[in-house]
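Asks: Here it is: the structure, laid out below.
The values are calculated or read from the model by the stated rules, or taken from the named source; none is laboratory data. Quantities reported herein were computed from a predicted structural model and do not represent experimental measurements. A quick note on method: Cβ atoms are made from the backbone with ideal geometry, for glycine too, and the neighbour counts reach across all protein chains shown. Surface accessibility is based on the protein's heavy atoms, side chains included, excluding ligands, DNA and RNA. Shrake-Rupley method; radii C 1.70, N 1.55, O 1.52, S 1.80 Å.
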Amino acid sequence: NLCMLFNKQSCIKGKDLCQNIRESDIRKLINKFTFDDKKSWEAFLIEFNDAFGNILQRIKADYPHLTEQDEQYIALSILGLDNSDIAFLLQMNTQSVWNRRQRLRNHLGDSKLDLDKWLEELRNKKV
């Protein structure tokens, strides 16, 4: 969970998020940004896309109706954060994160999509 991430313990280790990205790189990326304003989010996107081979840009090309909130959820999920961690970082409650998940499914064109499986496939994609 996020507390372990910020304490520099190995909660992501073994999840095989991306063979090119080390756990310490993910921690640095998360710790560097607060996500409390548009400028911070845009700075995060630049570094995230750089670290993950422009994955969000490629997803956005396939799904042009995605919102910034969809992109936030996708990016943080790709980093291996769970819904409670995402809620903490985005300063919202977990129900809001669940609502965001449903809107993301709708924007992806499938309200019944197994979002966890879809995100896992993204994590395991070679970038």
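Asks: Can you give me the solvent accessible area of residue 98 with a 1.4 Å probe, rounded to the nearest 10 Å²?
Replies: Accessible area, nearest 10 Å²: 120 Å².
Asks: So for 39, 60, what's the accessible-area order with a 1.4 Å probe, most first?
Replies: Largest to smallest exposure gives the sequence 39, 60.
Asks: In debye, nearest 20, what is the charge dipole magnitude of the stretch 56-127 about its Cα centre with +1 on Lys and Arg Cβ and -1 on Asp and Glu Cβ, if you could check?
Replies: With only Lys, Arg, Asp and Glu charged at Cβ, the dipole is about 140 debye.
Asks: Give me Rg/Rg_expected for the stretch 34-127, where Rg uses Cα atoms only and Rg_expected = 2.2 N^0.38 Å with N residues.
Replies: That ratio works out to 1.01.
Asks: Sorted by accessible area with a 1.4 angstrom probe, largest first, how do 58, 123, 101 fall?
Replies: The ordering from most to least exposed comes out as 58, 123, 101.
Asks: Here's a follow-up. If you stretched the chain out fully between residue 50 and residue 120, how much longer would it get, using 0.36 nm times the residue separation minus the C-alpha to C-alpha distance?
Replies: Residue separation times 0.36 nm, minus the Cα-Cα distance, leaves 23.2 nm.
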